[in-house]
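> Below are the structure tokens for one structure; questions will follow.
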Amino acid sequence: MLAVMTDSETLYERVGGEQFFETLTRHFYDTMSDDQVVRPLYPDEAEAYETARLQLKWFLMQYWGGPPVYLQRRGVPALRRRHAPYVIGARESGAWLHHMTEAVKAAHPGAEEEAELLTYFEMAATALVNAVPPAANPGAAHGGDC
Ligand code: HEM
């Protein structure tokens, strides 16, 4: 039987459902574990690191039209608020996005889905920057290290 693709299919369905987000987040968390910029922000302990991966997986599944597992387990996403405890500057955001871009490519979605995912991650990683660069904050310039 021919698989017919319709416009009403969500990206979640088009990439093959949960398995895609499992592969994506595994690759992301595995490669990020060697990153000296962004890894220190995440929990040391293996179990907590795995929990963080699952929370990202549930969020992404839900965001792209899959089951609302994140909402059921964690509540409303409120990602800016949830990232507030971590200092995320352009460097951290860039490192995060680098690993996520690699993970998206390694998970081999279709070309259209890859473009959608990468556009979204670039937007989201930029939106979660919460550290003001010293140059944009004259009050912090004194005592700066550059
Ligand atoms: C900009 C770079 C980013 C950094 C440095 C970052 C870092 C973090 C850290 C340190 C945590 C907490 C992990 C834990 O202790 O459990 C976290 C949680 C999370 N992040 Fe990010 N993140 C970034 C971008 C993103 C983006 C773009 C998304 C979504 C597309 C995202 C989604 C999440 C989710 C869903 C959680 C779990 C929140 C919860 O339920 O508590 N993050 N992130």
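The values are calculated or read from the model by the stated rules, or taken from the named source; none is laboratory data. The structure presented is a predicted model; accordingly, all values stated were derived computationally and were not measured. Backbone-built Cβ (ideal geometry, glycine too); neighbour counts: all protein chains shown.
> Can you find a residue that is surrounded by fewer than 16 Cβ atoms within 10 Å (Cβ to Cβ) and under 20 Å from residue 17 (Cβ atoms) anywhere in region 89-107?
yes
> So, one more: Taking region 12-46 as the region of interest, how many residues are in a helix (DSSP H, G or I) and more than 13 Å from the ligand (Cβ to nearest atom)?
Here the count works out to 12.
> Which residues, counting only those in region 1-16, are surrounded by fewer than 16 Cβ atoms within 10 Å (Cβ to Cβ) and at pLDDT 95 or above?
10, 13, 16, listed by residue number.
> Quick one: is residue 130 modelled with pLDDT under 95 and polar (S, T, N, Q)?
no
> Please report, ordered by residue number, the helices (runs of 4 or more DSSP H) entirely within region 51-114 with at least 2 residues that are more than 9 Å from the ligand (Cβ to nearest atom) and in contact with a Phe, Trp or Tyr (Cβ under 8 Å, 6 or more places away or on another chain).
90-106
Results for (1) touching a helix residue (DSSP H, G or I) at 6+ places or on another chain (Cβ under 9 Å); (2) under 21 Å from residue 106 (Cα atoms), shown as yes or no for each residue.
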{"position": "22", "(1), (2)": "yes, yes"}
{"position": "25", "(1), (2)": "yes, yes"}
{"position": "46", "(1), (2)": "no, no"}
{"position": "50", "(1), (2)": "yes, yes"}
{"position": "61", "(1), (2)": "yes, yes"}
{"position": "75", "(1), (2)": "no, no"}
{"position": "82", "(1), (2)": "yes, no"}
